[in-house]
Structure formats: structure tokens, C-alpha cells
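The values are calculated or read from the model by the stated rules, or taken from the named source; none is laboratory data. Predicted model, so just to flag it, every value in this text is computed and none were measured. Every residue, glycine among them, receives a Cβ derived from its backbone with ideal geometry; neighbour counts consider all protein chains shown.
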Amino acid sequence: MENGLDLEYIFNEFLKGLGLSSEIAHIIWLPLPMLLVLVSAVVGVLVTVWLERKISAAAQQRIGPEYAGALGVLQPIADGLKLLVKEDIIPAKADSILFTAGPILVLIPVILSWLIIPFGQNLLISNVGIGIFLWIALSSIQPIGLLMSGYASNNKYSLLGGLRAAAQSISYEIPLALSVLAIVLMTNSLSTIDIVNQQSGAGILSWNIWRQPIGFIIFWICALAECERLPFDLPEAEEELVAGYQTEYAGMKFALFYLGSYINLILSALLVSILYLGGWGFPIPIEIIAEFLNIPINAPLIQVFTASIGIIMTVLKAYILVFIAILLRWTTPRVRIDQLLDLGWKFLLPISLANLLLTAGLKLAFPKFFGG
Amino acid sequence: MSIAVTTQLICFSVLSLVVIIGALGVVLLESIVYSAFLLCGVFLSIAGLYLLLNASFVAAAQVLVYVGAVNVLIIFAIMLVNKKEDLKPIDNLKSRKIISTAICLTLVSLLIRVDLSKVWVIASPSSSIGEESTFRIGEHLFSDYLLPFEVASVLLLMAMIGAIVLARKDVMNKDIATGLPVDQELIEKTKEPFLIKKN
């Protein structure tokens, strides 16, 4: 899997064969992976919304959406269309500029973070050197959008929701970053590709979840808190705050929040699978299977096959995590705001610091297993 | 001109325009909330300028520290103390404004003078280390810049202790000046239910 398929190279060669210069070929190539990732993110949201409806129905012994398409699979599309054609209301006493800018500022960083999600050796938009650090930096922009929309709504529930969202996001970002740091320490690189390759040695046995069990749990809790999923959905706790910062929003602006939160959920699930569950790796290394079956690993057809297995594995792992997140949402009660902050600052932060120290110590003691 | 150079030029001019106009807005706008949000835009565009200089790690750190921490805290503080208070008009506002403008212009002219008089060494693109820079920054922080790095962490520790002293008012729960008990209520709690208060 060192070289793998290089679609960009093949595409550019094809366009050069048609008589175009390499720069123009590059410009034609550039939007393609971005569009593809954007479309897959939105399709991922549709699937997740459908799953959420179906699983919540199952958890409450209902049937759930049934009439829109087989098993109600078209329900999320119907939801989306409804939001698209709804009237866009800006409250008379709201600050209309900030009110409009808020949801945009929430959505853009989330979508930008898909830049670093690899679905295979070369199947990502950009293998930037700062990799996972880019996601940590981008996700810190989001609370500004939430504060902005909370303030601009001119509504006390919205303001409280925005403040809660910012407080929650600041508190959980630190343990999140520290647990990522432990992984980076083991990999010696910030790049997501290197992080996955580092786990690909012995299939399921070399996944980071075995070497970083504490980090995995901290990361998952913090990811749920960053996505504002129950049990941490205090910013929009409907019994206390109506709907938090999104109370005054309607139509497409509300849909942006909705889309943003679900894209963020899928993104977090993908990142957990990349950081801890071996990314695109199959539980048994593909190389061993190929050797066992006597197939040359570098044959073009096998490359296509392994690449598609990689995509399927990444998406499968991510959706198992999404399933757990949805199940958690419909079966656990919500924590209080003081409990939430206590958990973040008094429990997760010290534990993640200790985890980092432990990882550094283990790396020095057993450089073979913890990356030297 | 190649496409890459053109893109760079466009990005540079847009980003510097945003920085300059945004920074002017931060200073000149009446509403403190708008100023705080514009400051976020300025920080983001400066991160963009770092990206153009091939310093992606510094850019990400800029976003994380300045936008994600400093700016969020500024906005947070503004919104927590959002008291409707009639401020007293300041005397001789006009002369104050003139004096501060003059001082700022002097500083700007000083900076421009430094910029014009010094011969800047511009590294050629081929000698740029690019993605290597993350490793280099780490090496420097733990070798020749170790002392400033450690001193900065002592500064952070002092700030943290100060914050804890301010937050743990229950240790000294009487206001030193007035002798009255200090209000320790969270923002979300009201002392008595609203409905009872009205009757």
C-alpha cells in the first residue's frame, strides 16, 4: 500500500493526452475531489438523519418514518426540501448581519475539516503536513459562530445557549487536543495518512485503540461534547432553553445549523476511526490475504479492489460509531451544566494529561510498540 | 504570470485589505460586540497571510490561540457582563481623539521608516522548508529558545493562579471594601423565582 492508486496523476495524464497544459489540467482536477467530498458529506448527513429517526423510533418502540420511500429512506430529503422552501425569517429586533453570518461561520470550519479525512492511501483532498492539527484549529472557530448567532437573536434563551456552547467547546477542546497529542507522539507525525499507516502493521492488533484505551475514551467523550450530542447537548437543551442558540432561526439558516451538527458528528466519527480504529485498514492486513491467495498486490484491478475495501472500511467504522452516538442520545439523560464543566475540567483534563505522560514514558521504555 | 503566482497575488491583496479594514473597524466602531467579531476576522486573515508564507503550522497555531481562545474569551466576557448601563460622556472627547490619532500616526510612520531603511533578506522559494517547519519549530523551542519558552509557561502559571484566586471567592466570601457578602450566584440562577417577585 506504499504507492497505491494515484487518481490525480492518472487524470492529469489523461488530460495532457488530450493536449491540455499541465496547469489547466490541474485547475480542472482541483474542484473534483472537493465536490466529491462535499457531496459525500451531505449524503452522509442524509443517511445519519434517517438512521437517527429509525433508531430513535426503535428505542421508543415506534415504527418511525415509513411512507416516504421504502422504510422511509426519503424522509431526510423531504425534511431538507421543506427547510429549503420555508420562509426565511429574521426577527425584527435581531441584528441581521450577525444573525446571517452566525450559521455560516458554524458550517464552514466543519466542512473545511474534511480536507484531511483520508479514505485510502491517496484518497484525500490534501495531505497537509499539519494534518490533524488543522482540524483542532478549525474546530475552535465554531464557538464564535455560536456566540454570534446567540447574541444576534436578541433572545435570552439564545444568548444562554450560545454562552453554554462556547463554554462547553472551550472546556472539551483541551482534553481532546491532549489525547490527539498522545497519538501524534506515537506517530511522530501530524499527518492523518501517517497516523493510519502507523496502525497498519498487524491488522486489528496494531490499532491505536489497544495502545491508547484511555485516550480513545477521552476522545470519544470530548467528540460527543464538541458535537453537542446528548448527554452533552446543553446548548440546545429544549426543556430549559427552548432550542438554545437556534431558537430564532427558521428555513435555510436553521438548516445550516442542522447540517453543521450532523456533518460534525460524521466528521468526529471518521476521526475516531482514523485515530484509533486503523482508518481504512481491514482487520486482517490486505497484504497477508493477497499473499495467502497468491495475488500480486500491485496489479491494477487488485488496487481498485483494495481501495474500495479501504473506503468501505472507513465508512463502516465511522457509521458504527455514529450508531453508538445515536443510541447514546436516545437512552441517556442529559447532564447539568455544572456537571458538564466539572467532568471536563476536573476529570478529563487531568486524566488526559496523565495519559500523555504515560504515553511519553511508554514510548521511551518500549520504542518498538509505541513508536520510536 | 503563472496561475500559482496570480492566485497568490489575489489572496495576498484580499487578505491584507481585510486585515487593514478589519483593524480600522475594531478601533473605530462604536459597538464593542462588532469590534470583537471583526477582531476575529483580522486574526483569521493574519493566519491566511502566514499560510501564504508557507508557515502552515504557525497559521494553525494562530487560529487555535488567537481565534479559538483569546477571541472567544473576549466575546464571552463581553456577553457575560452585558449590563445596560448609561455611561458618562467623556469630556474633551475631540481633543483626546486628535491626540490618539497623532500618536498612532507617529507609530505608523516609525514602522514605515524602519521598513524602508532596512534591507530585508528574502529567502528564495527553493530554500523554504515548508512542511519541515513544524519539526524545526520544535527543535528550536527545545534548544536555543528553551529559556523564553519556559519563562512563557511561568507567565501562564501566574495568570492561572490569579484566575483561581479570583474564582475561589468562597475562601474570602466578604467583600473587602463594603464588608457585604460577595454575590456568588451563577449567571443562570436567579435569587428568587420571577413570578413571586412580581406580586
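Could you list all residues from segment B:132-151 that are aliphatic (A, V, I, L, M) and surrounded by 12 or more Cβ atoms within 10 Å (Cβ to Cβ)?
Here is the first cut: in segment B:132-151, the ones aliphatic (A, V, I, L, M) are B:137, B:141, B:146-147, B:151.
Matches in segment B:132-151: B:Ile137, B:Leu141.
Taking only segment A:298-307 into account, find how many residues are surrounded by fewer than 14 Cβ atoms within 10 Å (Cβ to Cβ) and of a type in the set (Phe, Trp, Tyr).
0
Just to be sure before I move on: is A:Pro235 buried (at least 24 other Cβ atoms within 10 Å of the Cβ) and within 20 Å of A:Trp345 (Cα to Cα) in the structure I sent?
Details: buried (at least 24 other Cβ atoms within 10 Å of the Cβ): yes; within 20 Å of A:Trp345 (Cα to Cα): yes.
Here the answer is yes, as A:Pro235 does meet what is asked.
Take the conditions in a helix (DSSP H, G or I), away from every other protein chain (no Cβ under 14 Å), out of contact with any His (no Cβ under 6 Å at 6 or more places or on another chain) and of a type in the set (S, T, N, Q) and apply them to A:Ser179. Does it pass?
On the way: in a helix (DSSP H, G or I): yes; away from every other protein chain (no Cβ under 14 Å): yes; out of contact with any His (no Cβ under 6 Å at 6 or more places or on another chain): yes; of a type in the set (S, T, N, Q): yes.
When the stated conditions are applied, A:Ser179 passes them.
Which condition does A:Ser158 not pass, out of (1) touching a residue at least 60 places away in the same chain (Cβ under 8 Å); (2) under 19 Å from the mean Cα position of the chain (by Cα), if it passes all the others?
That leaves (2) as the condition not met.
Any idea which of B:Leu110, B:Leu38 is without any contact (Cβ under 8 Å) to a residue 40 or more places away in the chain, more than 14 Å from every other protein chain (Cβ to nearest Cβ) and not polar (S, T, N, Q)?
Details: B:Leu38 fails: more than 14 Å from every other protein chain (Cβ to nearest Cβ).
Going through B:Leu110, B:Leu38 in turn, just one is without any contact (Cβ under 8 Å) to a residue 40 or more places away in the chain, more than 14 Å from every other protein chain (Cβ to nearest Cβ) and not polar (S, T, N, Q): B:Leu110.
State which residue is modelled with the highest pLDDT when the search covers only segment A:128-151 and only residues that are more than 7 Å from chain B (Cβ to nearest Cβ) and more than 21 Å from A:Ile104 (Cβ to Cβ).
Filtering segment A:128-151 for residues that are more than 7 Å from chain B (Cβ to nearest Cβ) and more than 21 Å from A:Ile104 (Cβ to Cβ), the one modelled with the highest pLDDT comes out as A:Ile132.
Pairs needed: first member in segment A:314-343, within 14 Å of chain B (Cβ to nearest Cβ) and under 15 Å from A:Leu270 (Cα atoms); second member anywhere, of a type in the set (S, T, N, Q) and part of a helix (DSSP H, G or I); C-beta distance under 8 Å; at least 6 residues apart or different chains.
If the second residue must be of a type in the set (S, T, N, Q) and part of a helix (DSSP H, G or I), no pairs are left.
Results for (1) touching a helix residue (DSSP H, G or I) at 6+ places or on another chain (Cβ under 8 Å); (2) in contact (Cβ under 8 Å) with a residue 40 or more places away in the chain; (3) buried (at least 24 other Cβ atoms within 10 Å of the Cβ), shown as yes or no for each residue.
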position	(1), (2), (3)
A:Ala92	no, no, no
A:Pro103	yes, yes, yes
A:Ile117	yes, yes, no
A:Gly120	yes, yes, no
A:Leu124	yes, yes, no
A:Ile130	yes, yes, no
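Run A:Leu270 past the list (1) touching a helix residue (DSSP H, G or I) at 6+ places or on another chain (Cβ under 9 Å); (2) in a helix (DSSP H, G or I); (3) surrounded by fewer than 17 Cβ atoms within 10 Å (Cβ to Cβ) and report the number of the one that doesn't hold.
Just one mismatch for A:Leu270, condition (3).
Please go through segment A:308-328 and give me each residue that is more than 15 Å from A:Pro285 (Cβ to Cβ) and surrounded by 18 or more Cβ atoms within 10 Å (Cβ to Cβ), ordered by number.
As a first pass, look at segment A:308-328 and keep what is more than 15 Å from A:Pro285 (Cβ to Cβ): A:308, A:311-312, A:314-328.
If the condition is that a residue be more than 15 Å from A:Pro285 (Cβ to Cβ) and surrounded by 18 or more Cβ atoms within 10 Å (Cβ to Cβ), then A:Thr314, A:Val315, A:Lys317, A:Ala318, A:Tyr319, A:Leu321, A:Val322, A:Ala325, A:Ile326 are the ones that fit.
Results for (1) of a type in the set (A, V, I, L, M, F, W, C); (2) more than 14 Å from chain B (Cβ to nearest Cβ); (3) out of contact with any Phe, Trp or Tyr (no Cβ under 8 Å at 6 or more places or on another chain), shown as yes or no for each residue.
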{"site": "A:Gly162", "(1), (2), (3)": "no, no, no"}
{"site": "A:Ala165", "(1), (2), (3)": "yes, no, no"}
{"site": "A:Ser189", "(1), (2), (3)": "no, no, yes"}
{"site": "A:Asp194", "(1), (2), (3)": "no, no, yes"}
{"site": "A:Ser200", "(1), (2), (3)": "no, yes, yes"}
{"site": "A:Asn208", "(1), (2), (3)": "no, yes, no"}
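Could you tell me whether A:Ile125 is over 18 Å from the mean Cα position of the chain (by Cα), of a type in the set (Val, Ile, Thr), more than 10 Å from every other protein chain (Cβ to nearest Cβ) and part of a loop (DSSP other than H, G, I, E, B)?
Values: over 18 Å from the mean Cα position of the chain (by Cα): no; of a type in the set (Val, Ile, Thr): yes; more than 10 Å from every other protein chain (Cβ to nearest Cβ): yes; part of a loop (DSSP other than H, G, I, E, B): yes.
No.
Does segment A:23-43 include one or more residues that are closer than 30 Å to A:Tyr157 by Cβ and within 28 Å of the chain's Cα centre (by Cα)? Write out each step before concluding.
Of the residues in segment A:23-43, the ones closer than 30 Å to A:Tyr157 by Cβ are A:41-42.
If we keep only those that are within 28 Å of the chain's Cα centre (by Cα) too, we end up with A:41-42.
Yes, segment A:23-43 contains at least one residue that is closer than 30 Å to A:Tyr157 by Cβ and within 28 Å of the chain's Cα centre (by Cα).
Taking the stated definitions as given, is A:Val335 among the hydrophobic types (A, V, I, L, M, F, W, C) and not in a helix (DSSP H, G or I)?
Considered against the rule, which asks whether it is among the hydrophobic types (A, V, I, L, M, F, W, C) and not in a helix (DSSP H, G or I), A:Val335 comes out as yes.
Got a sec? Which helices (runs of 4 or more DSSP H) wholly within segment B:15-124 have at least 3 residues that are within 30 Å of A:Leu160 (Cα to Cα)?
Those helices (runs of 4 or more DSSP H) span B:32-52, B:56-62, B:72-80.
Do we have A:Ile289 as in a helix (DSSP H, G or I), closer than 30 Å to A:Leu190 by Cα and modelled with pLDDT of 80 or more here?
Working: in a helix (DSSP H, G or I): yes; closer than 30 Å to A:Leu190 by Cα: yes; modelled with pLDDT of 80 or more: no.
No: the conditions fail for A:Ile289.
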